[in-house]
Amino acid sequence: MKKFEYTINDPVGIHARPAGLLAKAAKALDSTVTIATADGRSATASKLMALMGLGIKQGDTVSVIIEGGDEEANASAMEQFFKDNL
């Protein structure tokens with residue numbers, strides 16, 4: 001299991017467009033990617049509606065957990081995705 005934390009910079013948080021991009025990126029990996037909020041709620045990153053249901057806003061810090069597959073490479077890919085898109 002690999003894990004990193006990221007503070008959301010997107011002015012509107014994880015809404016429809018970035019959630020769709022995140023779900024698509026997570027589906028392309030051979031790992032399970034889970035997004036967890038500071039208050040303990042979590043969702044599988046490949047599930048669009050579950051991601052949007054977390055209500056993540058700008059300034060919120062989330063934990064990104066990568067399990068299975070090539071965890072090292074997939075964690076790096078997800079970290080870069082977050083920096084580029086969120």
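Miscellaneous remarks
- Entry remark, the stretch 55-79: residues being part of a strand (DSSP E or B) and in contact with an Asp or Glu (Cβ under 6 Å, 6 or more places away or on another chain) number 2 in total.
- Whenever a residue of the stretch 61-83 is in contact (Cβ under 8 Å) with a residue 12 or more places away in the chain and over 13 Å from Thr34 (Cα atoms), its partners that are assigned to a helix (DSSP H, G or I) and of a type outside the set (Lys, Arg), lying with C-beta atoms within less than 6 angstrom and at least six residues away or across chains, give the pairs Phe81/Ala25.
- Members of the stretch 1-22 found to be over 12 Å from the mean Cα position of the chain (by Cα) and either aromatic (Phe, Trp, Tyr) or loosely packed, with under 11 Cβ neighbours inside 10 Å (or both), listed by number: Pro11
- Looking across the stretch 45-86 at every residue that is surrounded by fewer than 14 Cβ atoms within 10 Å (Cβ to Cβ) and small (Gly, Ala, Ser), the one that is modelled with the lowest pLDDT is identified as Gly69.
The values are calculated or read from the model by the stated rules, or taken from the named source; none is laboratory data. All of these numbers come straight from a predicted model, not from anything done at the bench. Virtual Cβ from ideal backbone geometry, glycine too; neighbours counted across all protein chains shown.
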